[in-house]
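Every read-out reported here was derived from the displayed coordinates using simple, explicitly stated rules and does not represent laboratory data. Treat the numbers as computed from the prediction; the structure is a model and nothing was measured. Glycine also receives a Cβ, built like all others from the backbone with ideal geometry; neighbour counts cover every protein chain displayed.
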Amino acid sequence: MKKLLFIPMLMVCATVFAQNFQLGLKAGMNVSNFTGSNFQNVDKKAIIGFNGGAFLGLMFGENFSIQPEVLFSSQGAKLEAVGESKQFKVSYLNVPVLAKYRFNGGFYLEAGPQVGFKLNEKVPGNTPGSFAKDLDFAFDAGLGYHSNSGLGIGARYIAGLSKVGDFDAGDLNPDFKNGVAQIFLFYTFFNNR
């Protein structure tokens, strides 16, 4: 519970010291897969998912901001072995906190840590809730363009830092992580320039 209170407290403190802020909404597409493990006789393929939510840009000067976000994200992979294909889908509530640098022309770069809270999972052959851990840690990095009207487009890669699950699955080594490429549209409501 203390960890959940840390993020709102961080946002309030940052708001006090920030000169301006932007409130925004975003939505887009995920292309996700499992990475970082020896899958032996299992062929893994990416699946398409959805991401969407809200963010708060705390601006420090003209070009730099800290941007906490709260996003729904559908992730996972398709695993194929011996002619059989199964989709492993996990939905998260992701909370990234990104440092963002916006160049004078509107283009930007961003990077920072992320924690994901598992909402649900759709996994064949497992007891519900037994495949993925409740928390997922990752590092995000991205780029994009933000116009003076408030409309923008971005792309981001989320590299998993923690294992997706703890289980014994025969040929499948559970020491794999989430890898997610995102593309999204967003709109900010205040301080667009």
Practice task
Residues being polar (S, T, N, Q) and either assigned to a strand (DSSP E or B) or surrounded by 15 or more Cβ atoms within 10 Å (Cβ to Cβ) (or both): count how many of those fall in region 23-45.
Solution key: 5
Exercise for the section: Just one of (1) surrounded by 13 or more Cβ atoms within 10 Å (Cβ to Cβ); (2) within 15 Å of Gly24 (Cβ to Cβ) trips up Asn94, so point out which. Expected result: (2)
Fill in the blank from the handout: Of the residues in region 74-88, those that are among the charged types (D, E, K, R) and touching a Phe, Trp or Tyr at 6+ places or on another chain (Cβ under 8 Å) come to Lys78
Handout entry: Among the residues listed as Ile66, Ile48, the single one being surrounded by 13 or more Cβ atoms within 10 Å (Cβ to Cβ) and assigned to a strand (DSSP E or B)
Key = Ile66
Problem - All positions within region 98-127 that are without any contact (Cβ under 8 Å) to a residue 12 or more places away in the chain and touching an Asp or Glu at 6+ places or on another chain (Cβ under 7 Å) - result: none
Exercise for the section: Scan region 85-97 and give yes if some residue there is in a strand (DSSP E or B), more than 15 Å from the chain's Cα centre (by Cα), closer than 26 Å to Asn33 by Cβ and touching a residue at least 40 places away in the same chain (Cβ under 8 Å), otherwise no. Expected result: yes
Problem - Unmet requirement for Gly57, which otherwise passes all of (1) surrounded by 16 or more Cβ atoms within 10 Å (Cβ to Cβ); (2) under 18 Å from Asn33 (Cα atoms) - result: (2)
